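Q: Take a look at this one; I'll ask things after.
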Amino acid sequence: MNILVADRFEQEGLDALHALGLGVTYQPDLKDADLAEALSITRADILVVRSTKVTDAILEAGQLSLVVRAGAGYDTIDVKGASRRGIYVSNCPGKNAVAVAELTFGLILSLDRRIPDNVAELRAGRWNKKEFSKAQGLHGRTLGILGFGSIGQEVARRAQAFGMHLAIWSELGVQVGRDGLPADLPQIVRLRPSSADAVESTVTVYESPKAVAANCDILSVHLALNERTRGLVGEAVFDRMRPGACFVNTARAEIVDYKALETAVREKGLRVALDVYSKEPAMPSGDFVDALVALPGVYGTHHIGASTEQAQQAIADETVRIIETYVRTGRVPNVVNLSRKTPATHVLVVRHQDRPGVLAHAFECLREAGINVEETENIIFADAEAAVARISIIGEPPAGVVEAIKTGNPHVMDVHVVAVA
């Protein structure tokens, strides 16, 4: 197989792909028409990208069978277009969680202690200890977390270490254990109190983002971007936040209504830290103008949440694992675009001797009857003498078709039909 790597990728990862005996083309600056042309020229079977957009036109230009997003989100890939062409789309979930959580807490600390402003004043030759001694501190305050996947959980663990209370909401729901804590979050470790006024962190799961916003001092976004979350954090959420509260977004810009956020900064004095923006330069460096970031009390970083050496190596390792598994077994780990439920209404169960032509016979009978096959699984028993085929189909097959499958091949031992619940 041939692989085209169209974004920055760790050298160790490239070496590992070469070691698999694959043809690897590394062109990390490809975009748009250039990427489409490269897919056509290289005849790549597998495409690896990070932030590069993979449009329907790009998918059409090549003969891809797999696109790997070397990162967590996959909103830059036309997943519907890939599904229509039978192209697997896979990603590397959780591999950058620690890196993003670390940046998130760096931004939270920066907001509370105004670290960037401290540095700017000192560099300008001004000493202002009285002004910059003003800070609330994090201990005992409440951190609101929107999204409780791998990143949200890592942020929660760090918040506990700071002695913060947690207010959580997730679009996927949060499973709560008998102890009242989220099942994905280990029970709070009871650390030896550092002072007499030390508090024990509490965790509360809320029913909506607005409820979280109303009950936190700092609100941090860790949601995946999809049609349900696009624009989810807007005016209704910011209206519920307390004046002077802090807001952090290290997820996706499209989840947040930045115009509403700008209004909240001006009218409610919200302090804001961002790692993602509505309009980011297409290239790694370039001019950048954003009215929101220019406001006092708003800090920004350069979309670097996942950009630590540890995270990039972990993502490269996972990308190699995905590709190696696909090449050796035909299966794709972390695939995101397989149907969770097919239109199948019945399962045809064929018990047969493990001989050539049995499944071909069953499929031919179904074809003649105009019955479409959705999925097939053939389970082999010990010693490979017998097998059971489970064939998912649309519509209940007529008795005559079932009888034809059963009697039309000497190696078929039994056939029965099961309705899908």
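Q: Return one whole number: the accessible area per residue of segment 265-421 in Å², for a 1.4 Å probe. Working shown, then result.
A: Values: 9140 Å² over 157 residues.
Value returned for segment 265-421: 58 Å² of accessible area per residue.
Q: What does segment 214-263 give for Rg and for Dmax, in Å, if only its C-alpha atoms count?
A: Answer for segment 214-263, Rg first and Dmax second: 10.4, 30 Å.
Q: How high is the relative contact order of segment 263-354, in percent, with contacts defined as C-alpha pairs under 8 Å that are six or more residues apart? Each step should come with its number before you reach the end.
A: Working: 42 pairs, mean separation 17.5, N = 92.
Relative contact order of segment 263-354: 19 percent.
Q: Largest first, please: the extent of the C-alpha atoms of segment 100-161 along each principal axis, to the nearest Å.
A: Each principal axis gives a Cα extent; for segment 100-161 these are 43, 23, 17 Å.
Q: Taking a spot 7 Å from the Cα of R367 along the direction of its beta carbon, which residues of segment 377-421 have an amide N less than 18 Å from it?
A: 377, 391-394, 401-402, 404-406, 408-409
Q: Residues with beta-carbon under 13 Å from that of S110, excluding S110: net charge, scoring Lys, Arg +1 and Asp, Glu -1?
A: Working: positive: R113, R114, R271; negative: E102, D112, D117, D275.
Here the charged neighbours net out to -1.
Q: Compute the signed sum of charges (Lys and Arg +1, Asp and Glu -1) over the other residues within less than 13 Å, Cβ to Cβ, of M1. Don't jump to the answer; show the numbers that get you there.
A: Numbers: positive: R43, R328; negative: D45, E324.
Net of charged neighbours comes to 0.
Q: Quantify how much of the Cα-Cα distance distribution of segment 239-338 extends past 20 Å, in percent. Could you put the intermediate results ahead of the total?
A: Working: 2714 of 4950 pairs.
Tail of the P(r) past 20 Å holds 55 percent of the pairs.
Q: Along the Cα→Cβ direction, 7 angstrom out, place labels at K259 and E309. What is the inter-label distance in nm?
A: So the two model labels end up 4.5 nm from each other.
Q: For a quick protection proxy, order the peptides 367-378, 37-48 by their average other-Cβ count within 10 Å, most packed first.
A: Order by mean packing, descending: 37-48, 367-378.
Q: Name the chymotrypsin sites (Phe, Trp or Tyr not before Pro) in segment 277-373 that are in a loop by DSSP and that have at most 16 other C-beta atoms within 10 Å, would you?
A: F288
Q: Between C365, C92, C216, find the one with the highest GNM mean-square fluctuation for the chain; connect C-alpha pairs within less than 10 Å.
A: The residue with the greatest mean-square fluctuation here is C365.
Q: With +1 on each Lys and Arg Cβ and -1 on each Asp and Glu Cβ, and nothing else charged, work out how big the dipole of the chain is about its Cα centre, in Debye to the nearest 20.
A: I would put it at about 1340 debye.
Q: Pull out the extension gain between A33 and E280, defined as 0.36 nm times the separation in residues minus the alpha carbon to alpha carbon distance; nm, one decimal.
A: 86.9 nm
Q: Sticking with this one: State the extension gain, in nm to one decimal, for the chain segment bounded by R84 and K268, taking 0.36 nm per residue of separation less the distance between their alpha-carbons.
A: 61.6 nm
Q: Classify segment 1-47 as rounded, prolate or oblate, taking a ≥ b ≥ c as the square roots of the eigenvalues of its Cα gyration tensor: rounded when a/c is under 1.5, otherwise prolate if a/b is larger than b/c and oblate if not.
A: Cα axes put segment 1-47 in the oblate bin.
Q: Now a separate question. For every helix of n ≥ 4 consecutive DSSP H residues, a contribution of -39,500 (n - 2.57) applies; sum these over the chain, divide by its total residues, and give [θ] at 222 nm rounded to the nearest 500 deg cm²/dmol.
A: Calculated from helices alone, the mean residue ellipticity at 222 nm is -9500 deg cm²/dmol.
Q: Return the distance in nm (one decimal) between the two label points of a simple spin-label model at R158 and A382, each offset 7 Å from Cα along Cα→Cβ.
A: It works out to 5.2 nm between the two label points.
Q: Please find, in a Gaussian network model of the chain (springs between Cα atoms separated by less than 10 Å), the residue of R351, R271, R50 whose mean-square fluctuation is greatest.
A: R351
Q: Expressed as a whole number of Å, what is the distance separating the alpha-carbon centroids of segment 207-243 and segment 69-109?
A: Centre-to-centre (Cα) distance: 21 Å.
Q: Can you pull the percent of segment 376-421's accessible area that's carbon plus sulfur, 1.4 Å probe, other chains left in place? Don't skip to the end; give the middle numbers.
A: Details: 1530 of 2710 Å².
Whole-percent figure for carbon plus sulfur exposure: 57.
Q: If a/c stays under 1.5 just call it rounded; otherwise compare a/b with b/c (prolate if a/b is bigger, oblate if not). Do that for segment 286-421, with a ≥ b ≥ c from the square roots of the Cα gyration tensor eigenvalues.
A: prolate
Q: Which pairs break 26 Å Cα to Cα here: K80/K341; K279/K341; K210/K259; K31/K279? Write down the numbers at each step before the final one.
A: Numbers: K80/K341 16 Å; K279/K341 37 Å; K210/K259 18 Å; K31/K279 17 Å.
Violating the 26 Å Cα-Cα cut-off are K279/K341.
Q: Something else about it: Among S65, I77, I151, which residue has its Cα furthest toward the positive end of the charge dipole of the chain, with +1 on Lys/Arg Cβ and -1 on Asp/Glu Cβ?
A: Final value for the positive-end residue is I151.
Q: Can you give me the distance in nm between label points at N2 and L22, each placed 7 Å from the Cα along the Cα-to-Cβ direction?
A: 1.4
Q: Is any residue of segment 112-128 close enough, with backbone N under 14 Å, to a label point placed 7 angstrom from the Cα of Q136 along the Cα-Cβ axis, and if so, which?
A: Counting only backbone N, you get 112-114.
Q: Using 0.36 nm per residue, how much length does the chain from T329 to K129 gain when fully extended, once their Cα-Cα distance is taken away?
A: Length difference between fully extended and current span is 65.7 nm.
Q: Can you give me the orientation-averaged projected area of the convex hull built on the Cα atoms of segment 34-139, in nm²?
A: Projected area, direction-averaged: 10.5 nm².
Q: Among C92, N337, I108, which residue has its Cα furthest toward the positive end of the charge dipole of the chain, with +1 on Lys/Arg Cβ and -1 on Asp/Glu Cβ?
A: I108
Q: For the chain, which DSSP H helices look membrane-span-like by this rule: Cα extent along the axis of 18 Å or more and mean Kyte-Doolittle of at least 0.0? Kindly include the intermediate steps, with their values, before the conclusion.
A: Numbers: long enough: 97-113 (24 Å, 1.35); 309-329 (30 Å, -0.46).
Span-like helices here: 97-113.
Q: How high is the relative contact order of the chain? Use alpha-carbon pairs under 8 Å, at least six apart in sequence, and give a whole percent.
A: 13
Q: If every alpha-carbon in segment 345-415 counts as one equal scatterer, what log10 I(q)/I(0) does Debye give at q = 0.22, 0.24 1/Å?
A: -0.91, -1.07
Q: Go ahead and set up a Gaussian network model of the chain, Cα springs under 10 Å, then flag whichever of V388, V265, V293 fluctuates most.
A: Largest GNM mean-square fluctuation: V388.
Q: Could you quote the convex hull projected area for the chain, Cα atoms only and averaged over all directions, in nm²?
A: So the mean shadow area of the Cα hull is 27.6 nm².
The values are calculated or read from the model by the stated rules, or taken from the named source; none is laboratory data. All values derive from a computational prediction rather than experimental measurement. Neighbour counts run over all protein chains shown; Cβ positions are idealised from the backbone, glycine included. Quick note on the areas: whole protein, heavy atoms, side chains included, nothing else; ligands and nucleic acids left out. Shrake-Rupley method; radii C 1.70, N 1.55, O 1.52, S 1.80 Å.
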